[in-house]
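Have a look at the structure below before the remarks.
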Ligand code: AMP
């Protein structure tokens with residue numbers, strides 16, 4: 001297969017993180033989850049950490065220059081010789097422009113957009129019921145059909161929720177998605193090397209199979 005940047009886009013709760021991880025695992029590609037990188041920064045006890053944490057809890061986007069710098073620092077540490085899986089970037093038109101510049105400069109391989117669609121009502125249900133298991137070794141697993149609350153407890157883990165997975169923050173995140181991210185995706189669709197549109201409503205494994213099948217045709 002050719003070398004690509006698989007760029008996962010979708011509203012909060014669409015499953016883009018889970019699907020991005022599955023593609024990265026199956027193709028052996030590095031996976032950059034921008035939201036997870038920002039959560040690590042938010043945990044730092046300094047001014048930047050406190051600013052990021054307050055914005056994330058309010059459902060707002062983190063300043064573009066902070067995100068781009070973090071992304072560039074991280075990209076430099078990775079082996080992109082086989083490609084890249086990116087999720088959580090391009091939340092604004094400015095970020096889409098910056099990412100396309102990175103593609104033009106050859107910093108990242110040609111972009112294929114994987115856009116996951118889910119109805120707003122289902123997104124709300126998923127986000128407000130979303131839970132994680134934090135294992136003793138620091139690993140975080142989603143609680144879902146393949147890993148239950150009981151599995152978590154049996155492995156000595158504890159159940160946690162993301163601080164921004166509440167109804168008020170969800171509404172703000174979804175509003176920003178419609179207002180700022182959808183126009184950014186429209187820009188990317190015009191200039192990227194490929195576009196895969198996926199219905200994110202079915203169970204995780206079924207969405208995974210659809211994406212795997214579509215990627216084979218690239
Ligand atoms: P996510 O893990 O993708 O749901 O992102 C969680 C939160 O991190 C978002 O609600 C934003 O506050 C912040 N965030 C993630 N990605 C970006 C980005 N590309 N630009 C600005 N803020 C971001």
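The values are calculated or read from the model by the stated rules, or taken from the named source; none is laboratory data. As the structure is a computational prediction, the values presented were derived from the model and not from experiment. No Cβ is skipped: glycine too gets one built from the backbone with ideal geometry, and neighbour counts run over all protein chains shown.
Among strands (runs of 3 or more DSSP E) entirely within the range 1-97, having at least 2 residues that are modelled with pLDDT under 95, near the ligand (Cβ under 10 Å from one of its atoms) and assigned by TED's automatic domain parsing to the domain that holds residue 198 singles out no element at all. In the range 170-192, the condition of being at pLDDT 95 or above and more than 16 Å from the ligand (Cβ to nearest atom) is met by no residue. Applying the criterion of at least 3 residues that are touching a helix residue (DSSP H, G or I) at 6+ places or on another chain (Cβ under 9 Å) to the helices (runs of 4 or more DSSP H) found wholly in the range 131-218 leaves 167-176, 182-191, 204-216.
Yes/no matrix, rows are residues, columns are (1) farther than 17 Å from residue 211 by Cβ; (2) in contact with a helix residue (DSSP H, G or I) (Cβ under 8 Å, 6 or more places away or on another chain):
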residue	(1), (2)
20	no, no
33	no, yes
42	yes, yes
47	yes, no
57	yes, yes
62	yes, yes
68	yes, yes
83	no, yes
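Does the range 25-67 hold any residues that are buried (at least 18 other Cβ atoms within 10 Å of the Cβ), more than 12 Å from the chain's Cα centre (by Cα) and closer than 30 Å to residue 206 by Cβ, and which are they? If the condition is that a residue be buried (at least 18 other Cβ atoms within 10 Å of the Cβ), more than 12 Å from the chain's Cα centre (by Cα) and closer than 30 Å to residue 206 by Cβ, then 29, 59 are the ones that fit.
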